[in-house]
Amino acid sequence: MAASSYSSLSWCSAPIPKPSSTIPLPSSLFPSNARGFTGISPQKSISSSRAQAKFDKFQGQDNLEQDSTEPALLDPQLQTIEEEEEEDDDCLPSDLEGAVQQSGQATATFVSSGGMRAIVELLIPQLQFLDDEGAQAELWELSRIFLETLIEETGCQRVKAIFPDAGAAALLKYQWKDATFGFSSLGDRKPVTREDEIVVMVVPDYQMLGYVEKIASDLSDDPPRPLIMWNPRLISEDVGVGINVRRLRRNFLSTFTVAYSMRPLASGAVFRCYPGLWKVFYDDKDRPNRYLLAKEQISRPTTEDLEIIFGGVDEKEENGPSLLDQAAGIFSSINRFMKVISR
């Protein structure tokens, strides 16, 4: 992107207060020694202790203080060696709030490098449904964490958040009086103004695709401005949706770059954090709640790719899981996420 498009981003910076609450995810997905996201400063510890309790240090201040004193008891040379060791799953966040903060940083990096259209997706079942009022409130709070992280990382406060409907936008604007970003909805007559420098659509729905495409087209004009879709739900396999409509939707989505993606699987996870590659992880059988890297690739792994990758992993093990075990694992994985996230 031309330098003029972002000349105004360099001067606007203001510290954004971090939310105090932490929304936990099951330790079976996210390790505690995650690195590279704002708001959490993991203490250094030896690899064995990290494997035993992946994110105990995020449960309370006492654990944090205890961890901070342990390295002093180690031999300095041994401590240096242990600190330099890297684990396959170091890139994974430790909890849901950390994942959202990490996604904000990845999106800021994408925008700063000249990117114009990005998608952030947290493909966790609990975040895919907005029928329950409690789930909606949680989702809105997570979107605020993303927006504030994006503002802090880019240094720009001319960010517009577009919510699915006018009611949600009005309610959140009233509740978040101290927010440093603007509010609008997809149904507004002019949801975007020329003063907006970065636009974030929060969970845009497939039924509003026409509005989404119109906004994307408007933002492509001179000067072009970045558009981010946070947890979009634009693909529908409803019987009433024709093949041509589905194709048009997919063609539109293909103009976006996935800046961040987290997708839990029955026995692993698919992860992407811009500018990194897509990564496929599988469970470490020797260390509960830890992951090993199975493969990295440039493009999003397809279903066939995952079958090949996990098939190769199973061949390395003496007794691969049966089809019944795999099916049970999928339901168990979804169950874990919904129970922990809904706390």
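The values are calculated or read from the model by the stated rules, or taken from the named source; none is laboratory data. The model shown is predicted, which means the values in this text are computed figures rather than measured ones. In this analysis, Cβ positions are derived from the backbone assuming ideal geometry, glycine residues included, and neighbour counts consider all displayed protein chains.
The figures follow:
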{"item": "For ILE235: the one exception among (1) within 28 Å of ALA169 (Cβ to Cβ); (2) touching a Leu at 6+ places or on another chain (Cβ under 8 Å); (3) aliphatic (A, V, I, L, M); (4) crowded, with 16+ Cβ neighbours inside 10 Å", "result": "(4)"}
{"item": "Close pairs (6 angstrom Cβ cut-off, 6 or more residues apart or separate chains): farther than 19 Å from PHE252 by Cβ in region 99-128, modelled with pLDDT under 95 and among the β-branched types (Val, Ile, Thr) anywhere", "result": "GLN101/THR38; PRO125/ILE334; GLN126/ILE341"}
{"item": "Residue selected from region 289-302 under the condition touching a residue at least 40 places away in the same chain (Cβ under 8 Å) and either farther than 22 Å from TYR274 by Cα or not hydrophobic (A, V, I, L, M, F, W, C) (or both), by the criterion surrounded by the most Cβ atoms within 10 Å (Cβ to Cβ)", "result": "TYR291"}
{"item": "Top-ranked residue of region 247-266 - restricted to ones that are assigned to a strand (DSSP E or B) and in contact with a strand residue (DSSP E or B) (Cβ under 7 Å, 6 or more places away or on another chain), ranked as farthest from LEU127 (Cα to Cα)", "result": "THR257"}
{"item": "SER184 being hydroxyl-bearing (Ser, Thr, Tyr), free of Cβ contacts under 8 Å to residues at least 60 places away in the same chain, outside any loop (DSSP other than H, G, I, E, B) and surrounded by 15 or more Cβ atoms within 10 Å (Cβ to Cβ)", "result": "yes"}
{"item": "Residue check, ASP196 out of contact with any His (no Cβ under 7 Å at 6 or more places or on another chain), surrounded by fewer than 15 Cβ atoms within 10 Å (Cβ to Cβ) and assigned to a loop (DSSP other than H, G, I, E, B)", "result": "no"}
{"item": "The listed residue being within 23 Å of ALA99 (Cβ to Cβ) and modelled with pLDDT under 95, out of ILE151, ILE124", "result": "ILE124"}
{"item": "Where LEU227 falls short, out of the listed (1) surrounded by fewer than 21 Cβ atoms within 10 Å (Cβ to Cβ); (2) within 21 Å of PHE110 (Cα to Cα)", "result": "(1)"}
{"item": "Considering residues of region 267-282 that are surrounded by 18 or more Cβ atoms within 10 Å (Cβ to Cβ) and touching a residue at least 60 places away in the same chain (Cβ under 8 Å) only, the residue farthest from VAL120 (Cα to Cα)", "result": "SER267"}
{"item": "Members of region 83-114 that are in a loop (DSSP other than H, G, I, E, B), within 19 Å of ARG263 (Cβ to Cβ) and among the acidic types (Asp, Glu)", "result": "ASP95"}
